[in-house]
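Each remark here refers to the structure printed beneath this line.
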Amino acid sequence: MVTSTLLATETPKFIAPAMNVHMYENKRTQQNINILKEDGYHFIEPGSGFLACGYVAKGRMEEPLQIVSVIDAHFKIVIV
């Protein structure tokens, strides 16, 4: 149901991934991210820090306030 709803909507879509550094850097994952970007999805890059697997690396979801800030900036209208 979530996939169907996502495919049917024409509003901006934002993705803030979180995964192990090896999953994130995997060639196929990066190809899929690039395909989604080409299709108009907006990616909020994962942050670096302590991961659930015990590594300290890139892959943790960006901080919620930063995610809100990125989305808010996307929708701001600049009045000149």
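The values are calculated or read from the model by the stated rules, or taken from the named source; none is laboratory data. This one's a predicted model, so the numbers in the text were calculated from it and none came from an experiment. All Cβ positions, glycine included, derive from the backbone under ideal geometry; neighbour counts span all protein chains shown.
Of all residues in the range 44-71, count the ones that are among the aromatic types (Phe, Trp, Tyr) and without any contact (Cβ under 8 Å) to a residue 12 or more places away in the chain. Outline the logic, then answer.
Residues of the range 44-71 that are among the aromatic types (Phe, Trp, Tyr), as a first pass: 50, 55.
Now narrow it down to the ones that are without any contact (Cβ under 8 Å) to a residue 12 or more places away in the chain: 50.
Of the residues in the range 44-71, 1 are among the aromatic types (Phe, Trp, Tyr) and without any contact (Cβ under 8 Å) to a residue 12 or more places away in the chain.
With respect to Asn26, is the statement that it is surrounded by fewer than 12 Cβ atoms within 10 Å (Cβ to Cβ), at pLDDT 95 or above and not acidic (Asp, Glu) true?
Criteria not met by Asn26.
Answer yes if at least one residue in the range 9-18 is touching a helix residue (DSSP H, G or I) at 6+ places or on another chain (Cβ under 6 Å) and among the small types (Gly, Ala, Ser), and no otherwise.
yes
Looking only at the range 29-52, decide whether some residue is in contact with a strand residue (DSSP E or B) (Cβ under 7 Å, 6 or more places away or on another chain) and at positive phi.
yes
Checking Leu51 against (1) more than 12 Å from the chain's Cα centre (by Cα); (2) at pLDDT 95 or above; (3) surrounded by 14 or more Cβ atoms within 10 Å (Cβ to Cβ); (4) of a type outside the set (S, T, N, Q): exactly one of these is not met. Which one?
Going through (1) more than 12 Å from the chain's Cα centre (by Cα); (2) at pLDDT 95 or above; (3) surrounded by 14 or more Cβ atoms within 10 Å (Cβ to Cβ); (4) of a type outside the set (S, T, N, Q) one by one, Leu51 breaks only (2).
Which residues, counting only those in the range 1-24, are under 22 Å from Glu63 (Cα atoms) and free of Cβ contacts under 8 Å to residues at least 24 places away in the same chain?
His22
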